[in-house]
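To start, the structure itself, in structure tokens.
Every read-out reported here was derived from the displayed coordinates using simple, explicitly stated rules and does not represent laboratory data. The model shown is predicted, which means the values in this text are computed figures rather than measured ones. Quick reminder, even Gly has a Cβ in these numbers, built from the backbone with ideal geometry, and neighbours come from all protein chains shown.
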Amino acid sequence: MGTIIFDLDGTLVDTAPDLIDTLNVILGREGLPAVPYDQARALIGHGARRMLERGLAVAGRPVGNIDRMFGAFIAYYSEHVADRSRPFPGVEAALDKLAGRGCKFAVCTNKLEWLSVRLLKHLGLAGRFAAICGGTRSACKNLISERCWARCAAPAAASTAPSWSATRKPTSPPQGRPRCRWWRSISATRRFP
């Protein structure tokens, strides 16, 4: 059937609990109050650094030394990446059904790649994906997508079927790649805002 490329956070896995817990630990270390869970969910998106900046804005504090806080965020989060994060209901059954139809899978995310791999291993999902591609501080989403397409080239080349992507926001495939049909998140009602 082809290759399906998924976003990770808010598409396959509800990572909000661990991200919010980490944000609040880092804010607490700065002497700032915790952001309530429902309010903090709206801060998620575009990476940990952006989440920290938004959290500081909620607390009414200027950004300051964001690099130090970002380093602390990543260090803490890496140890708690799967404390409360879980696949969305129905994700594993959907992957099983699609795999039974001959689909191959990959993850393409702006989350740091080593954290993405660690999370998926902790959840027992890493082995389902032909590629897990994540961001680095200097990588942009298009470069990540290009790497992910390259890693999936072997399974995709074996099939003439279209590739699909499950993501929160449709984007164009990298230059020279086949057009994708963008498959909306399996758990559309549970995606991050």
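Give a residue-ordered list of calculated ³J(HN,Hα) values for region 10-20 (Karplus: 6.51 cos²θ - 1.76 cosθ + 1.60, θ = phi - 60°; whole Hz; x for Gly, Pro).
Result, ordered by residue: x, 10, 8, 10, 7, 9, 3, x, 6, 5, 5 Hz.
Amide H to amide H, which residues 5 or more places from Lys104 or on other chains are under 5 Å from it, using H placed in the peptide plane?
The list, which skips near neighbours in sequence, is Gly2, Thr3, Ile4.
Which residues' amide hydrogens lie under 5 Å from the amide hydrogen of Leu112, considering only partners 5 or more residues apart or on another chain, with H built in the peptide plane?
Amide H neighbours of Leu112: Gly135.
Expressed as a rounded percentage, what relative contact order does region 16-79 have, with Cα pairs under 8 Å and six or more residues apart? Kindly include the intermediate steps, with their values, before the conclusion.
On the way: 51 pairs, mean separation 22.9, N = 64.
In percent, rounded to a whole number, it is 36.
May I ask you to evaluate 6.51 cos²θ - 1.76 cosθ + 1.60, the Karplus curve with θ = phi - 60°, for each residue of region 84-95 and list the ³J(HN,Hα) values in order in whole Hz, giving x for glycine and proline?
Once rounded to whole Hz, the list reads 10, 6, 9, x, 4, x, x, 5, 5, 5, 5, 4.
Label points 7 Å out from Cα along the Cβ direction at Gln39 and Ser78: separation in nm?
3.1
Full extension from Arg86 to Leu32: what is 0.36 nm times the residue separation minus their Cα-Cα distance, to one decimal in nm?
Values: separation 54, 0.36 × 54 = 19.44 nm, distance 2.78 nm.
Extra length available between Arg86 and Leu32 comes to 16.7 nm.
So what are the ³J(HN,Hα) numbers for region 56-67, from phi and the Karplus equation (6.51, -1.76, 1.60; θ = phi - 60°), rounded to whole Hz, Gly and Pro as x?
Couplings: 5, 5, 4, 7, x, 10, x, 4, x, 8, 5, 5 Hz.
Need one number: nm distance between label points at His46 and Ala126, each 7 Å from Cα along Cα→Cβ, rounded to one decimal.
Between His46 and Ala126, the label points sit 3.1 nm apart.
Send over the semi-axes of region 16-79's equivalent ellipsoid, whole angstrom and largest first, taken as the square roots of 5 times the C-alpha gyration tensor eigenvalues. Intermediate results must be reported in sequence, preceding the final value.
Values: eigenvalues 40, 39, 24 Å².
So the equivalent ellipsoid measures 14, 14, 11 Å along its semi-axes.
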